[in-house]
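Heads up: the structure comes next, in structure tokens.
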Amino acid sequence: MVTLSAILTPLGRQLQRQLRRELRDHRWIPGRRCSLTVCSSKYVLSAMHPMWQGPLAVPGGDRQSPIDIAVRKTQWDRQLKPLEMRYDPRTCQQIWNNGYSFMVEYDDTTDRSTVKGGPLEDQYRLCQFHFHWGESNAWGSEHSVDRRLFPAELHLVHWNSDKYSLFEEAVMEENGLGVVGVFLKLGKRHEGLQKLVDALPAVRHKDSVVEFGRFDPTCLLPENTEDYWTYYGSLTTPPLTETVTWMVMKQPIEVSHDQLAVFRSLLFTSAEEEVQRSMVNNFRVQQPVGGRSVRSSFDPFQHGEPSAL
């Protein structure tokens, strides 16, 4: 006898994939370009993904992401507790080049890979993680700290499974998503990342998918996960919904130039397209902070700032 869950589970996965494809296919451009010199240059903007080229404006709202984190303007919130991130490597499923970045996707039908604590009142399931990076080591991250950019930024995307039944529902609703951001800086080779780097040539072209199992994203977190900034913002790719609680780690992780070079060897384009385009500068330019507060789990006047590039 076929159970209801046996029917709904594949349907839910199909709807999730459809929404993710829609996130990839829509084209928007921010209403305000980044004030940082390096990412507001005509050269960089002209080399960005087509998603961010064109005359369209973003939906209305004053909680758009990413932003610059001005350390001395952040508010130390003594009530912010450490994040509890528990990931089951067996939930890792595949890597997908979606034509904008590559996504490492996880089985999110159960609470086996989750984050809670910190600013989160509920438990959130890991759906996927992806990176943003530049064509140069001088830029690439979406967020910045005191106007300083990093070569790349990792986003671990979770959805509120206590309040909502599907990612597609959570992405449109208040407190629906929780995203952990981690800066990548140039340094020594990152051993935990290397397994992923070795698999990336298989998804060089847009729409490529490869099975990828037993990967624990905990290895991509910095040693210190107690110090972070948090604010309420949006997705940085369409539909740009303002449903995200951001948790940006203060401490970056180190990766080697060769590892970043593999990221940059990927392509925005499919194998059938005549003109091939390197996958670089796949970040959204920064948005106004406005009246929002950025809270920190640590005293910004007692702790050192993230290491320079």
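The values are calculated or read from the model by the stated rules, or taken from the named source; none is laboratory data. If you're wondering where the values come from, they're calculated on a predicted model, not measured in any experiment. Don't worry about glycine lacking a Cβ; one is built from the backbone with ideal geometry, like all the others, and counts go over all protein chains shown.
Yes/no per residue for (1) within 16 Å of HIS130 (Cα to Cα); (2) modelled with pLDDT under 95; (3) touching a Lys or Arg at 6+ places or on another chain (Cβ under 8 Å); (4) buried (at least 19 other Cβ atoms within 10 Å of the Cβ):
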{"site": "VAL209", "(1), (2), (3), (4)": "yes, no, no, no"}
{"site": "PHE215", "(1), (2), (3), (4)": "yes, no, yes, yes"}
{"site": "ASN224", "(1), (2), (3), (4)": "no, no, yes, no"}
{"site": "THR230", "(1), (2), (3), (4)": "no, no, yes, yes"}
{"site": "THR237", "(1), (2), (3), (4)": "yes, yes, yes, yes"}
{"site": "VAL244", "(1), (2), (3), (4)": "yes, no, no, yes"}
{"site": "LYS250", "(1), (2), (3), (4)": "no, no, no, yes"}
{"site": "GLU254", "(1), (2), (3), (4)": "no, no, yes, no"}
{"site": "ASP258", "(1), (2), (3), (4)": "no, no, yes, no"}
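Just a yes or no: is a residue in segment 148-164 assigned to a loop (DSSP other than H, G, I, E, B), out of contact with any Phe, Trp or Tyr (no Cβ under 7 Å at 6 or more places or on another chain) and either over 23 Å from GLY118 (Cβ atoms) or β-branched (Val, Ile, Thr) (or both)?
First, pick out the residues of segment 148-164 that are assigned to a loop (DSSP other than H, G, I, E, B): 149-151, 161-164.
If we keep only those that are out of contact with any Phe, Trp or Tyr (no Cβ under 7 Å at 6 or more places or on another chain) as well, we get 162-164.
In the following step, the residues that additionally are either over 23 Å from GLY118 (Cβ atoms) or β-branched (Val, Ile, Thr) (or both) were identified as none.
Checked against the condition, which is being assigned to a loop (DSSP other than H, G, I, E, B), out of contact with any Phe, Trp or Tyr (no Cβ under 7 Å at 6 or more places or on another chain) and either over 23 Å from GLY118 (Cβ atoms) or β-branched (Val, Ile, Thr) (or both), segment 148-164 yields no hits at all.
Given the criterion at pLDDT below 95 and part of a loop (DSSP other than H, G, I, E, B), identify the matching residue among VAL285, VAL280, VAL289. Give the derivation first.
Details: VAL280 fails: at pLDDT below 95; VAL289 fails: at pLDDT below 95.
Testing whether each residue is at pLDDT below 95 and part of a loop (DSSP other than H, G, I, E, B) leaves just VAL285.
Would you check if LEU80 is at pLDDT 95 or above, in a strand (DSSP E or B) and not acidic (Asp, Glu)? Can you show your working first?
Numbers: at pLDDT 95 or above: yes; in a strand (DSSP E or B): no; not acidic (Asp, Glu): yes.
No: the conditions fail for LEU80.
On the given criteria, is GLU142 of a type in the set (D, E, K, R), on the phi < 0 side of the Ramachandran plot and within 17 Å of the chain's Cα centre (by Cα)?
For GLU142, the condition - of a type in the set (D, E, K, R), on the phi < 0 side of the Ramachandran plot and within 17 Å of the chain's Cα centre (by Cα) - is met.
Please state which of the following conditions GLY117 fails to meet, knowing it meets all the rest: (1) in contact (Cβ under 8 Å) with a residue 40 or more places away in the chain; (2) at positive phi.
The one condition GLY117 does not meet is (1).
Within segment 196-204, does at least one residue satisfy the condition of being exposed (fewer than 14 other Cβ atoms within 10 Å of the Cβ), closer than 19 Å to GLN94 by Cα and without any contact (Cβ under 8 Å) to a residue 40 or more places away in the chain? Spell out how you get there, then give the answer.
Just the residues of segment 196-204 that are exposed (fewer than 14 other Cβ atoms within 10 Å of the Cβ), to begin with: 198, 201.
When the remaining residues are screened for being closer than 19 Å to GLN94 by Cα, the result is 198, 201.
Subsequent filtering for residues that are without any contact (Cβ under 8 Å) to a residue 40 or more places away in the chain retains 198.
There is at least one residue in segment 196-204 that is exposed (fewer than 14 other Cβ atoms within 10 Å of the Cβ), closer than 19 Å to GLN94 by Cα and without any contact (Cβ under 8 Å) to a residue 40 or more places away in the chain.
Being in contact with a His (Cβ under 9 Å, 6 or more places away or on another chain) and not aromatic (Phe, Trp, Tyr) is true for just one of VAL171, VAL115. Which residue is that? Lay out the reasoning, then the answer.
Working: VAL171 fails: in contact with a His (Cβ under 9 Å, 6 or more places away or on another chain).
The match here is VAL115.
When you go through VAL157, VAL179, VAL171 one by one, which is the residue that is more than 24 Å from ASN281 (Cα to Cα) and under 15 Å from the mean Cα position of the chain (by Cα)?
Details: VAL157 fails: more than 24 Å from ASN281 (Cα to Cα); VAL179 fails: more than 24 Å from ASN281 (Cα to Cα).
After ruling out the rest, the residue left standing is VAL171.
Can you tell me how many residues within segment 238-258 are farther than 18 Å from VAL294 by Cβ and in contact with a Leu (Cβ under 8 Å, 6 or more places away or on another chain)? Explain how you work it out, then say what you get.
Restricting attention to segment 238-258, the residues satisfying the condition of being farther than 18 Å from VAL294 by Cβ are 238-241, 253-258.
Then keep just the ones that are in contact with a Leu (Cβ under 8 Å, 6 or more places away or on another chain); that gives 238-239, 241, 253-257.
Within segment 238-258, residues that are farther than 18 Å from VAL294 by Cβ and in contact with a Leu (Cβ under 8 Å, 6 or more places away or on another chain) number 8.
Report yes if GLY181 is of a type outside the set (Ser, Thr, Tyr), touching a residue at least 40 places away in the same chain (Cβ under 8 Å), over 18 Å from HIS132 (Cβ atoms) and not in a helix (DSSP H, G or I), otherwise no.
Details: of a type outside the set (Ser, Thr, Tyr): yes; touching a residue at least 40 places away in the same chain (Cβ under 8 Å): yes; over 18 Å from HIS132 (Cβ atoms): no; not in a helix (DSSP H, G or I): yes.
Here the answer is no, as GLY181 does not meet what is asked.
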